[in-house]
Every structure is written in C-alpha cells, then in structure tokens.
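All remarks here apply to the structure that follows.
No lab work stands behind these numbers, since they all come straight from the coordinates. Computed from a predicted structure; not experimentally measured. Ideal geometry is used to build each Cβ from the backbone, glycine not excepted, and the neighbour counts take in all protein chains shown.
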Amino acid sequence: MLTLRKPESEHAARQKTASHGDRLEKLATVTQETMEWPEMLTGPLEGRFLKQMVMISGAKRILEVGMYTGYSALSMAEGLPEGGELITLEINDKAIEFASRYFENSPHGKKIKIMKGAGLDSIKQLTGEFDFVFIDADKVNYSNYYEAILPKLKKGGVILVDNVLYSGEVLDPQSENAKAIHAFNELVSKDNRVEKVLLTIRDGVYFLVKK
Ligand SMILES: C[S@@+](CC[C@H](N)C(=O)[O-])C[C@H]1O[C@@H](n2cnc3c(N)ncnc32)[C@H](O)[C@@H]1O
C-alpha cells in the first residue's frame, strides 16, 4: 500500500503546538484504554487546528458529523464564544454515553448538543444555517453528507473534512472506504460552489469555503 504518513514530522509538529490540556488528555487516555477503535480520535495536532479554525472563522454555530468520544467536539467548542452552539451527530450509544460524561465536566460542554441517530437522517431534521462544519463519520457517505450540508451552510462558511488522504489509499483506492473518499475528493475538486485546499495535516483535511 502507498503511504503518505510522516511520523517524525507529525511528532515534531505536536511538540511546537499548544497543549490540549488535562481534560482532553484524560479523554484521549481513557478512550485508548476503554473504547474500540481509539485511532479514530483526531488527536492533539488536528484538535488544536480545529479550535483555531473555529476561532478565526468567528463561527457561532457548528455542525459535526461523527462525534465518537467527543475529542473534536470539545476542541471546537473551546473556540466557540459563550452562547455558541455545536450540534454533533453520532449513531453509537457507547460513544454518546462516554462523550456525555466529558461534556458534563467541561466548561465548554454546555455549548454541545448531541443528536443520536444516522447522520443523514439527523441532517434532514436540522433547520437554520451553520457557519462551520466538520465531517468525520462513515466514509462511504462523505459525498452524501457534503451534498446534504452545503445548502445549510452560510455563504463564506467553512467545511473541514477529515481523512481525505486515507493513509495514502486514495492514490490507488481498493477498499470501499478508499473508493468513497476518492470519489468525494473528485467531486469537491471539480465543484465550483466551494473554494478548496487539501491540507496534509494528519490523515488529510479538506478545507472548503462556500462561495
Ligand atoms: C472517526 S470517528 C469520529 C472521531 C471524532 N470526530 C473525534 O475526532 O474524536 C467516526 C464516528 O462516526 C460515527 N458514525 C459512523 N457512521 C455514522 C452514521 N451513519 N451516522 C452518525 N454517526 C456515524 C461512528 O460511530 C464514530 O463514532
């Protein structure tokens, strides 16, 4: 398999990036110890990036698709002002129970609302505009999430999409997930409705701005 991972530079980048603090450290450690698929957590480098993107965008209303144990949701909530709102969509009961405990114990947790269920069904129920979106759920639905969300994003609003390099598999997609992400990347790269930069942070983050 082709690989684009650069562990040494990732490590060096983490050393020079702000700390994520004790609460997120604990959340990450307990996720590693008690949950299946802990590698799904975005982690300190991308988490701090998400927080800063929320801050500089001035976002007040965020949608996240794929919460898992709440690491990225809490990271983005830190960047929201008081009174800001983050709606996060998650299908897994155990992840919801885990994340809820950490949200209750965080000063930023009150900004977060969890919607339980299949992401596409939840998106249909959402009303009002979003300023900022983070897509990080089932890869086979990336194109569907994108098309469902874009009409609900304000002009100038930001979409960040995680894992768009898929450990380099997108260069020669064989698995169902890699093929879906490859198709999504093709769709976005030709879509004139958005400005786009594919960032090589961690596993690849597509940074889109609605025109
Ligand atoms: C990569 S993890 C999210 C990681 C999280 N953003 C973080 O950084 O900590 C993907 C999550 O999407 C959830 N998921 C998968 N399919 C889903 C669906 N159809 N609707 C909603 N959530 C889904 C999974 O249960 C999993 O918790």
Cross-link pairs beyond the 26 Å C-alpha cut-off, checked among LYS110/LYS210; LYS116/LYS139; LYS111/LYS179; LYS113/LYS139: LYS110/LYS210; LYS111/LYS179
Length gain on complete extension for the stretch SER100 to ASN144, per 0.36 nm per residue less the alpha carbon to alpha carbon distance? 13.1 nm
Only bridges whose two residues both fall in the chain count here: according to DSSP, what percent of them are antiparallel, nearest 5? 35 percent
Enumerate the aspartates and glutamates that LYS124 could reach by cross-link, defined here as Cα to Cα under 19 Å, with residues fewer than 8 away along the same chain left out. GLU64, GLU85, GLU90, ASP136, ASP138, GLU147
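Mind checking the full-extension length gain between ALA12 and THR29? Use 0.36 nm per residue of separation minus the Cα-Cα distance, one decimal, nm.
4.1 nm
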What distance in nm separates the two pseudo spin-label positions at ARG193 and GLU82, each 7 Å out from Cα along the beta-carbon direction? 3.7 nm
Going by how many other beta carbons lie within 10 Å of each one, how would you line up ARG193, ARG61, fewest first? ARG193, ARG61
Over the chain, with a Gaussian network built from C-alpha contacts below 10 Å, which listed residue (GLY66, GLY128, GLY156) shows the highest mean-square fluctuation? GLY128
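Assigning unit charges at the beta carbon (Lys, Arg +1; Asp, Glu -1) and nothing else, what dipole magnitude in debye, to the nearest 20, does the chain show about its Cα centre?
Once rounded to the nearest 20, the dipole reads 780 debye.
Which value in deg cm²/dmol, rounded to the nearest 500, describes the helix-derived mean residue ellipticity at 222 nm for the chain, given -39,500 (n - 2.57) per DSSP H run of n ≥ 4 and division by the residue count?
Only helices count here, giving -12500 deg cm²/dmol.
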Just check the chain against the gyration tensor rule for me: Cα atoms, a ≥ b ≥ c as the square roots of the eigenvalues, rounded for a/c under 1.5, and otherwise prolate or oblate depending on whether a/b exceeds b/c. rounded
Rounded, prolate or oblate (a/c below 1.5 giving rounded, otherwise prolate when a/b exceeds b/c) for the range 32-135 by Cα gyration tensor: oblate
Specify the residue with the greatest mean-square fluctuation among GLY83, GLY70, GLY168, computed from a Gaussian network of the chain linking alpha-carbon atoms under 10 Å apart. GLY83
For LYS16, which lysines qualify as cross-link partners when the Cα separation must be under 20 Å and same-chain residues fewer than eight apart are set aside? LYS6, LYS51
Choose one of PHE103, THR42, ALA148: the residue whose Cα lies farthest towards the positive end of the charge dipole of the chain (beta-carbon charges +1 Lys, Arg; -1 Asp, Glu; about the Cα centre). ALA148
